[in-house]
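Colleague: Below you will find the structure I want to go over with you.
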4 protein chains.
Amino acid sequence: MAIDRSAIRALQERVYQANISLRDHGLVTATFGNVSGIDRANGIVAIKPSGVPYDQLTPDKMVLVDFDYNVIEGDLNPSSDTKTHVMLYRAFGEIGGIVHTHSTYATAWAQAMKPLPCYGTTHADIFYGEVPCTEVMREEQIKRDYEEETAVQILETFQHYDYRQIPGVLVACHGPFSWGDTPSAAVYHGLMLETTAQMASIALGINPRLAPIKQSLADKHYLRKHGKNAYYGQNKEEKE
Amino acid sequence: MAIDRSAIRALQERVYQANISLRDHGLVTATFGNVSGIDRANGIVAIKPSGVPYDQLTPDKMVLVDFDYNVIEGDLNPSSDTKTHVMLYRAFGEIGGIVHTHSTYATAWAQAMKPLPCYGTTHADIFYGEVPCTEVMREEQIKRDYEEETAVQILETFQHYDYRQIPGVLVACHGPFSWGDTPSAAVYHGLMLETTAQMASIALGINPRLAPIKQSLADKHYLRKHGKNAYYGQNKEEKE
Amino acid sequence: MAIDRSAIRALQERVYQANISLRDHGLVTATFGNVSGIDRANGIVAIKPSGVPYDQLTPDKMVLVDFDYNVIEGDLNPSSDTKTHVMLYRAFGEIGGIVHTHSTYATAWAQAMKPLPCYGTTHADIFYGEVPCTEVMREEQIKRDYEEETAVQILETFQHYDYRQIPGVLVACHGPFSWGDTPSAAVYHGLMLETTAQMASIALGINPRLAPIKQSLADKHYLRKHGKNAYYGQNKEEKE
Amino acid sequence: MAIDRSAIRALQERVYQANISLRDHGLVTATFGNVSGIDRANGIVAIKPSGVPYDQLTPDKMVLVDFDYNVIEGDLNPSSDTKTHVMLYRAFGEIGGIVHTHSTYATAWAQAMKPLPCYGTTHADIFYGEVPCTEVMREEQIKRDYEEETAVQILETFQHYDYRQIPGVLVACHGPFSWGDTPSAAVYHGLMLETTAQMASIALGINPRLAPIKQSLADKHYLRKHGKNAYYGQNKEEKE
């Protein structure tokens with residue numbers, strides 16, 4: 001099948017813009033952070049190259065890989081997290097973009113090996129319930145392909161959650177991944193994960209015995225912005 | 001009654017400027033934040049449109065609604081919090097502007113479901129006593145009109161407080177509202193609520209058994225800036 | 001005695017620059033912050049006007065007052081804290097500038113009514129021992145002249161400390177004052193008070209039973225930068 | 001032996017750029033922070049002058065000293081921490097740059113006199129195990145040459161650690177030092193020490209009984225970026 005080159009260039013541009021936006025939102029420490037996007041018609045993922053500083057990125061440096069992790073163009077190495085991204089695209093059939101960061105507060109929750117509880121409506125507007133934390137990786141997994149096993153951890157966790165309603169996860173001892181319909185939506189969910197992680201950390205300091213909000217309130221807020229009865233924004237397609 | 005169009009344009013401009021100022025003070029996360037203003041002579045409220053990014057706002061995009069929530073001009077949807085704003089304008093007859101944000105520390109206190117105690121004179125200069133936190137919304141309220149019920153929660157809370165002396169509130173599990181004589185004053189009170197919420201959070205970390213300041217000191221500070229014997233600023237009208 | 005006008009203009013310029021620097025260091029919330037300077041030869045204090053936003057300040061707006069609090073030129077009101085400043089200049093004969101802020105962490109310590117312990121050499125480089133916190137103001141003081149009584153609180157506290165070695169104080173339930181040889185040095189000490197207050201707050205979170213550093217280490221660090229045997233910087237006069 | 005002047009100028013330029021970068025990363029409070037670099041072929045260390053504000057620095061102001069602490073050119077005093085730097089260069093034969101800061105969170109851990117535990121992969125990517133904290137300096141050491149004894153403290157600590165795998169240390173009651181192959185790498189390690197110290201502080205607030213990550217995971221992450229089997233970045237030489 002011939003690849004649609006203009007579609008691929010547009011994908012690289014979207015992924016590039018999302019990577020820059022990730023940095024501009026303060027979610028990236030040094031080079032710890034990457035965004036990818038997928039063109040499902042062409043079966044191609046575009047992802048940030050590994051270890052390249054943000055100010056040296058350009059759209060055409062976004063590395064193109066297929067679903068078998070092969071680089072299909074260019075001579076830069078893709079992000080070392082590429083296999084994790086690709087496996088999530090294979091399993092989560094409706095997503096169009098993925099973000100991984102070491103953003104400060106979300107990473108601290110991942111280091112604390114705790115799911116992020118839904119303590120308020122800011123959280124409930126985006127995540128329909130707690131943002132889960134994976135199990136710590138098992139010894140035999142660490143010895144296998146580490147980046148594939150990171151995806152395995154996430155997928156095992158999401159046997160009990162709906163990835164369309166909870167567009168993010170904390171990988172224990174590591175940091176957050178988030179996703180969305182587009183690379184830009186994935187960045188937005190990464191930002192909201194960091195923001196709600198910070199609020200939760202402060203709220204817990206004020207009230208150490210704090211419990212999550214009640215389900216009916218979580219329902220109300222999530223469904224006000226999502227699904228067929230949403231009424232937030234200028235039309236039903238708009239989520240931010 | 002004919003509407004005074006130049007007064008309405010001036011109102012939109014004030015509300016627009018206050019929304020921009022809200023963002024510039026770092027009080028807005030993504031699009032979580034809105035300012036409204038009222039022209040009581042014309043019975044018109046101007047409010048930020050729902051879900052429109054801050055950098056796409058212009059004065060004429062401020063949506064005009066009447067006291068029955070009808071949009072009286074333009075095709076943008078008003079903020080999803082519009083009913084809350086309008087009900088507060090109906091109940092609090094002396095205010096000219098309202099702000100709602102999810103600013104980090106004030107929201108954390110709201111999530112912790114705790115009133116913000118008056119721990120110091122920074123707080124006492126603006127808020128005459130603790131900033132109250134509403135009750136958590138009851139099941140039957142959530143099923144009714146959510147935004148109206150948010151106002152109901154606030155108004156029930158203010159049966160025990162004077163809205164002119166405490167120009168802000170924490171809505172439990174949600175976030176802060178603030179108000180003032182003008183949209184700009186409401187933004188200022190939102191900023192001070194965030195600032196004092198941060199100070200209180202840190203002070204509580206240093207001294208977990210901290211009690212509010214004594215009443216005589218709160219009186220002194222509040223009355224130094226407010227009321228007929230105020231002596232702060234260049235004249236008695238100036239409060240900031 | 002004729003006033004030396006060029007000396008006064010130079011004083012206003014120094015005080016203006018120090019006020020701007022205070023804001024640029026992030027030490028000011030809204031208009032909560034002021035710097036003054038003194039010309040002891042002419043017996044004149046220049047101080048920020050009350051409640052004027054920072055971006056409307058100019059050197060000639062710095063209000064000139066004498067030791068009896070009389071405004072000796074211009075029609076702006078001086079800072080409402082002017083009496084506190086003037087009383088400190090009268091009592092602390094070697095200082096040339098005073099700063100008052102509500103900077104976040106230092107104010108939180110003042111709200112917690114705790115002296116700021118010397119937990120490390122950053123503190124010891126500037127403050128020779130803990131930065132004291134005043135007693136809470138007594139009822140009869142609050143009823144008297146509030147700003148004078150704030151100075152009384154500070155001066156009572158400094159009966160047990162040397163203001164030349166500890167150029168700052170926390171006023172209980174209120175916030176920090178700092179001072180120095182010049183307005184600029186007072187700003188620097190205000191910045192270091194905020195910085196060390198933040199470090200102390202975090203350190204206490206990590207180790208809640210933390211004790212101050214031992215005296216010999218405090219001696220070493222303070223005396224490395226201050227006094228006749230100082231060897232830090234390009235010459236003995238330079239302290240920053 | 002004739003000194004290679006162009007090599008020395010290049011060293012000063014690298015050290016200057018690294019000092020500016022240190023400030024731009026927000027790691028410096030006032031003038032508390034310095035970077036040095038070494039030219040081992042010529043036996044010369046270039047270091048920031050003592051107490052000179054960052055905006056007055058130029059490459060040629062980087063002070064040149066030899067291994068006996070003699071200033072070999074210029075009339076500025078080198079950083080008061082010069083002896084510490086030089087002793088570390090003598091002991092750690094493979095490093096090319098050293099950084100000392102009072103960055104907020106790393107300094108708070110040093111003030112808390114606690115090693116920084118490896119709570120996650122952000123830490124494990126850079127530091128192979130905990131970042132140690134020295135013992136508090138003993139009385140007889142304080143009386144001797146303070147800056148030399150600071151190095152003695154660090155070197156005693158590193159009898160139990162490999163400086164090539166843990167490029168940083170917390171000096172008890174004082175603050176962090178970091179190092180690397182180049183001045184720029186030392187700055188990067190200083191930034192990562194601050195970042196991981198902040199994450200650790202927050203994680204500990206969320207889970208006060210938090211334990212370090214297991215060794216196998218630390219191995220995996222460290223060795224993914226370091227050593228002969230590294231596969232992160234565009235080639236094996238690249239570490240950031």
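Colleague: How about segment D:134-144: which of its residues are more than 11 Å from chain C (Cβ to nearest Cβ) and either polar (S, T, N, Q) or buried (at least 20 other Cβ atoms within 10 Å of the Cβ) (or both)?
Modeller: Within segment D:134-144, the subset more than 11 Å from chain C (Cβ to nearest Cβ) is D:134-135.
The one that is more than 11 Å from chain C (Cβ to nearest Cβ) and either polar (S, T, N, Q) or buried (at least 20 other Cβ atoms within 10 Å of the Cβ) (or both): D:Thr134.
Colleague: Next question, about the same structure. When you go through (1) in contact with a Phe, Trp or Tyr (Cβ under 8 Å, 6 or more places away or on another chain); (2) farther than 27 Å from A:Thr31 by Cα one by one for D:Glu140, which number turns out not to apply?
Modeller: D:Glu140 satisfies every listed condition except (1).
Colleague: Take the residues in segment D:206-225 that are surrounded by 20 or more Cβ atoms within 10 Å (Cβ to Cβ) and not in a loop (DSSP other than H, G, I, E, B); name whichever of them is farthest from the other protein chains (Cβ to nearest Cβ).
Modeller: Only one residue fits best here, namely D:Tyr222.
Colleague: Now for a different question. Check off (1) among the charged types (D, E, K, R); (2) over 30 Å from B:Met137 (Cα atoms); (3) open to solvent by 60 Å² or more (accessible area, probe 1.4 Å) for A:Lys228 and give me the number that stays unchecked.
Modeller: Failing condition for A:Lys228: (2).
Colleague: A further question follows. For a quick check of your reading of the model, give me the residue pairs whose first member lies in segment B:91-104 and is touching a residue at least 60 places away in the same chain (Cβ under 8 Å), whose second is part of a loop (DSSP other than H, G, I, E, B) and open to solvent by less than 10 Å² (accessible area, probe 1.4 Å), with beta-carbon atoms closer than 6 Å and at least 6 apart or on different chains.
Modeller: B:Thr101/B:Leu27; B:Ser103/B:Leu27
Colleague: Tell me which residues, restricted to segment D:35-60, are open to solvent by less than 10 Å² (accessible area, probe 1.4 Å) and polar (S, T, N, Q).
Modeller: Listed by number, the residues that qualify are D:Ser36, D:Ser50.
Colleague: Now, a different point. Looking at segment A:84-129 only, could you name the residues that are assigned to a helix (DSSP H, G or I) and open to solvent by 10 Å² or more (accessible area, probe 1.4 Å)? Steps first, please.
Modeller: Keep residues of segment A:84-129 that are assigned to a helix (DSSP H, G or I), which gives A:84-91, A:104-111, A:121-124.
Residues satisfying the conditions are A:Met87, A:Arg90, A:Ala91, A:Thr104, A:Tyr105.
Colleague: Additional query: Name the single residue, out of those in segment A:61-74 being without any contact (Cβ under 8 Å) to a residue 40 or more places away in the chain and open to solvent by less than 30 Å² (accessible area, probe 1.4 Å), that is nearest to the other protein chains (Cβ to nearest Cβ).
Modeller: Step by step, filter segment A:61-74, then rank; the result is A:Val63.
Colleague: Give the number of residues within segment C:131-184 that are on the phi > 0 side of the Ramachandran plot and among the polar types (S, T, N, Q).
Modeller: Number of matching residues: 0.
Colleague: Here is a further query. Across segment C:1-28, what is the total count of residues that are farther than 23 Å from C:Glu94 by Cβ and open to solvent by less than 20 Å² (accessible area, probe 1.4 Å)?
Modeller: Within segment C:1-28, residues that are farther than 23 Å from C:Glu94 by Cβ and open to solvent by less than 20 Å² (accessible area, probe 1.4 Å) number 1.
Colleague: Okay, next question. Taking the conditions exactly as written (surrounded by 24 or more Cβ atoms within 10 Å (Cβ to Cβ), out of contact with any Ser or Thr (no Cβ under 6 Å at 6 or more places or on another chain) and at the interface with chain C (Cβ under 9 Å from one of its Cβ atoms)), does B:Ala197 satisfy them or not? Reasoning before the result, please.
Modeller: Values: surrounded by 24 or more Cβ atoms within 10 Å (Cβ to Cβ): yes; out of contact with any Ser or Thr (no Cβ under 6 Å at 6 or more places or on another chain): yes; at the interface with chain C (Cβ under 9 Å from one of its Cβ atoms): no.
Judged against the criteria, B:Ala197 is not a match.
Colleague: Being in a helix (DSSP H, G or I) and either more than 17 Å from B:Met62 (Cβ to Cβ) or within 14 Å of chain A (Cβ to nearest Cβ) (or both) is the filter here; which residues of segment B:171-193 pass it? Can you show your working first?
Modeller: Here is the first cut: in segment B:171-193, the residues in a helix (DSSP H, G or I) are B:183-193.
Result: B:Ala185, B:Tyr188, B:His189, B:Gly190, B:Leu191, B:Met192, B:Leu193.
Colleague: Output yes when any residue across segment A:82-95 is within 14 Å of chain D (Cβ to nearest Cβ) and in contact with a strand residue (DSSP E or B) (Cβ under 9 Å, 6 or more places away or on another chain), and no when none is. Please lay out each step first, then the result.
Modeller: Filtering segment A:82-95 down to residues within 14 Å of chain D (Cβ to nearest Cβ) leaves A:82-84.
Adding the requirement that they be in contact with a strand residue (DSSP E or B) (Cβ under 9 Å, 6 or more places away or on another chain) leaves A:82, A:84.
Yes, segment A:82-95 contains a residue that is within 14 Å of chain D (Cβ to nearest Cβ) and in contact with a strand residue (DSSP E or B) (Cβ under 9 Å, 6 or more places away or on another chain).
Colleague: Which one of A:Ile47, A:Ile20 is more than 13 Å from chain D (Cβ to nearest Cβ) and within 17 Å of A:Met87 (Cβ to Cβ)?
Modeller: Numbers: A:Ile20 fails: within 17 Å of A:Met87 (Cβ to Cβ).
Result of the check over A:Ile47, A:Ile20: A:Ile47.
Colleague: Residues to consider are B:Val28, B:Val45, B:Val35; find the one that is hydrophobic (A, V, I, L, M, F, W, C), modelled with pLDDT of 90 or more and more than 17 Å from B:Val65 (Cβ to Cβ).
Modeller: None of the other options fit; the residue is B:Val28.
Colleague: If you scan segment C:169-217, which residues turn out to be under 16 Å from the mean Cα position of the chain (by Cα) and within 17 Å of D:Val171 (Cβ to Cβ)? Show your work before the answer.
Modeller: First, the residues of segment C:169-217 that are under 16 Å from the mean Cα position of the chain (by Cα): C:169-172, C:174-197.
The one that is under 16 Å from the mean Cα position of the chain (by Cα) and within 17 Å of D:Val171 (Cβ to Cβ): C:Thr196.
Colleague: In a helix (DSSP H, G or I), among the hydrophobic types (A, V, I, L, M, F, W, C) and in contact (Cβ under 8 Å) with a residue 12 or more places away in the chain: is that true of A:Ile154 in this structure?
Modeller: Taking the combined requirement at face value, the residue satisfies it.
Colleague: If you don't mind, there's one more thing I want to ask. Please go through segment D:145-170 and pick out each residue that is closer than 20 Å to D:Pro117 by Cα, surrounded by fewer than 24 Cβ atoms within 10 Å (Cβ to Cβ) and within 14 Å of chain C (Cβ to nearest Cβ).
Modeller: D:Gln153 - this is the single residue of segment D:145-170 that is closer than 20 Å to D:Pro117 by Cα, surrounded by fewer than 24 Cβ atoms within 10 Å (Cβ to Cβ) and within 14 Å of chain C (Cβ to nearest Cβ).
Colleague: For B:Ala186, indicate whether it is touching a strand residue (DSSP E or B) at 6+ places or on another chain (Cβ under 7 Å) and within 14 Å of B:Ile98 (Cα to Cα).
Modeller: Working: touching a strand residue (DSSP E or B) at 6+ places or on another chain (Cβ under 7 Å): yes; within 14 Å of B:Ile98 (Cα to Cα): yes.
The answer is yes for B:Ala186.
Colleague: Are there any pairs, at least 6 apart or on different chains, whose C-beta atoms fall under 8 Å, with the first in segment C:14-29 and of a type in the set (Phe, Trp, Tyr) and the second part of a helix (DSSP H, G or I) and open to solvent by less than 50 Å² (accessible area, probe 1.4 Å), and if so, which?
Modeller: C:Tyr16/C:Pro59
The values are calculated or read from the model by the stated rules, or taken from the named source; none is laboratory data. Everything quoted here is computed from the prediction, not taken from an experiment. Positions of Cβ are generated from backbone atoms using ideal geometry, with glycine treated the same way; all protein chains shown enter the neighbour counts. Note: areas computed on protein heavy atoms with side chains; ligands, DNA, RNA excluded. Shrake-Rupley method; radii C 1.70, N 1.55, O 1.52, S 1.80 Å.
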